Amino acid sequence: MIKRPKIAIVGAGGNVGAAVAQWAVLKELGELVLIDVKPGPAEGRALDLTQCGPWQGFNNKFLATDKPEAMAGADVVVMTAGVPRKPGQSREELININAGIVRDICKNVREHAPEAILIVVSNPLDAMVFVAKQVTGFPRERVIGSAGVLDSARFRTYLALAANVSVEDVQAIVLGAHTDKDMVPLVSSAMIGNVPVSKFLSAEKITEVVENTKKGGATLTGLIGTSAWLAPGAGTCLMVEAIVRDQGRILPCSVELRGEFGVKDAFLGVPVKLGAKGAEAIFEVELSASEQEAFGKAVAANTELMNIARGFLT
Ligand SMILES: NC(=O)c1ccc[n+]([C@@H]2O[C@H](COP(=O)([O-])OP(=O)(O)OC[C@H]3O[C@@H](n4cnc5c(N)ncnc54)[C@H](O)[C@@H]3O)[C@@H](O)[C@H]2O)c1
C-alpha cells in the first residue's frame, strides 16, 4: 500500500485536538492517530468522526488510544494536550499545569517519533514551544507553535467585519506572543485587496480592531465557558496540510529566534515558510516604531515565561 502521512494528535480527546482531526479528515491529509491520557474521550472522538463519514464522503479509520507509543513513525505530531483557560483566566496562568504535561509528552515524542515535525498548540503557547524544543532536542525547523494562524484569522475577521468587505481579500498577520497583552497585529502592512487598511478604516476603528483581536480568545472563552476550538483547529490543520503536502505556505508560527528581528533565544510568532521539512525559512518584515516596541515587550514577556518553564524541564 502507498504510505499516507501519519499524523498523531496528542490530546485528541479534547476540543482542539478533535477539531484538528475533523479538519484533517475532511482534507484527507493522512492516517490519523488520536492519543489522549484518557482513552474514553479519544475513542469517543474517533467514533464520532467515523460516523461523519457516511454524509461527508470519507472513509477514514482512526486509531484511538492512551498509548503514547502509537505515535511511532509519525510524520507530524500535533500536541493539544493540557488544560484550557476558563473565563477570566490568562493563558500565562496555565503554565504550572501545562508545562509538566508538555514536557512528559515531548519525552514520548523524542522516544517514539524522533523524526516527526512537532506542532505545539498547548498554552501558554510560546513558552510551551520552548519546553518542546528543549525536551525533544529537535532542530528548530521541527518544533513549531500554532497561534499566529489563529490570531491572524481573528485579525482578518475583525478587519473584514469593520470594513464590510470579504475576509478573503484581507491580508493581515499577527506576530509576537500568543498572549492578550503581547500579540502584535501588524497594522502597518495590513491590506484589503492590495489597498492599505487605512483607506477603509479610521485610526480609531483600527485601534478597536486591534484590541478585539488581542482579546479575541478571552471574548470566546467568556462566551463559551472554555477556550475556542474550531478556529484553533482550522489554523493548526492548515499548518499540518502545509507540511504533509509540502506547500511552502508562509504563515505566522512560533519558532525559536536566532537573531531574526534582532532577537536571540526567544520563541515568538514570526512569518515562516512551512513545507515538508517544517519551518524551512523565517522572514523578517519591516515593523513600524510602535510595532517594534510591542515586539520588544513580547520578547521580555516570553523571557519571563521561559524562566518559569525552565523549572519544569527535568
Ligand atoms: N495555540 C492556540 O491557538 C490555542 C487555541 C485554543 C486552545 N489552546 C490550548 O490548547 C490546549 C487544549 O485545549 P482544549 O480546549 O482542547 O482542552 P480540552 O480540555 O478540551 O482537551 C485537552 C485534552 O488533553 C488531554 N491531556 C491532558 N494531559 C494529557 C497527557 N499527558 N497526554 C495526553 N493527553 C492529555 C486531556 O485528557 C484532554 O482530553 C489548552 O492548553 C489550550 O489553552 C491553544
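Key figures
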| item | result |
| --- | --- |
| Sequence-distant aspartates and glutamates (8 or more away, or on other chains) whose Cα lies within less than 17 Å of K199 | D169, E208 |
| Carbon + sulfur, % of accessible area of the chain - ligands and nucleic acids excluded, 1.4 Å | 54 |
| Cβ-placed point charges (K, R +1; D, E -1), dipole of the chain about Cα centre in debye, nearest 20 | 420 |
| N96-T219 pseudo-label distance in nm [points 7 Å out on the Cα-to-Cβ vector] | 3.1 |
| Segment 186-314 shape via C-alpha gyration tensor axes, a/c threshold 1.5 | rounded |
| Rg over Rh [alpha-carbon atoms, Kirkwood Rh] for segment 109-181 | 1.13 |
| Peptides 157-165, 204-212, 112-120 ordered by average Cβ neighbours within 10 Å, highest first | 112-120, 157-165, 204-212 |
| Pair-distance profile P(r), taking every C-alpha pair of segment 12-121, with 10 angstrom steps and integer % | 14, 44, 31, 10, 0 |
| Principal-axis tilt of helix 125-136 within the chain, Cα atoms, nearest 10 degrees | 40 |
| Residue-normalised accessible area of segment 1-88, expressed per residue, 1.4 Å probe, Å² | 51 |
| Size of electric dipole in segment 188-314: Cβ of Lys, Arg +1 and of Asp, Glu -1, about Cα centre, debye, nearest 20 | 240 |
| Tensor-based shape of segment 247-314 (alpha-carbon gyration tensor, a/c under 1.5 rounded, otherwise prolate or oblate) | oblate |
| Neighbour cut-off at most 14 other Cβ (10 Å), DSSP loop, GluC sites (Glu not before Pro), segment 268-305 | E284, E286 |
| Unit charges at the beta carbon, dipole of segment 141-287: most positive-side option, G259, L161, V270 | L161 |
| Straight-distance crosslink candidates among lysines, where the alpha carbon sits under 22 Å from K205 and sequence neighbours closer than 8 are dropped | K181, K214, K215 |
| Counted charge near G14, where neighbours are those whose Cβ lies closer than 10 Å (Asp, Glu -1; Lys, Arg +1) | +1 |
| Compactness of the chain, expressed as Rg and Dmax over alpha-carbon positions, Å | 18.6, 58 |
| Within the chain, helix-based [θ] at 222 nm, where runs of 4 or more DSSP H residues each add -39,500 (n - 2.57), nearest 500 | -13500 deg cm²/dmol |
| Accessible-area value, R245, 1.4 Å probe, nucleic acids and ligands omitted, Å² | 110 |
| Electrostatic dipole magnitude of segment 68-202 [Cβ: Lys, Arg +1; Asp, Glu -1; Cα centre; debye, to 20] | 240 |
| Segment 1-60: C-alpha gyration tensor shape, a/c 1.5 cut-off, then a/b vs b/c | oblate |
| Eligible lysines near K61 by straight Cα distance, threshold 22 Å, same-chain separation 8 or greater | K3, K6, K27, K38 |
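The values are calculated or read from the model by the stated rules, or taken from the named source; none is laboratory data. Everything numeric here is computed off the predicted structure, so don't read it as measured data. Counting neighbours? That spans all protein chains shown, and the Cβs are built from the backbone with ideal geometry, glycine included. We work out accessible area using only protein heavy atoms, side chains counted, and drop any ligands, DNA or RNA first. Shrake-Rupley method; radii C 1.70, N 1.55, O 1.52, S 1.80 Å.
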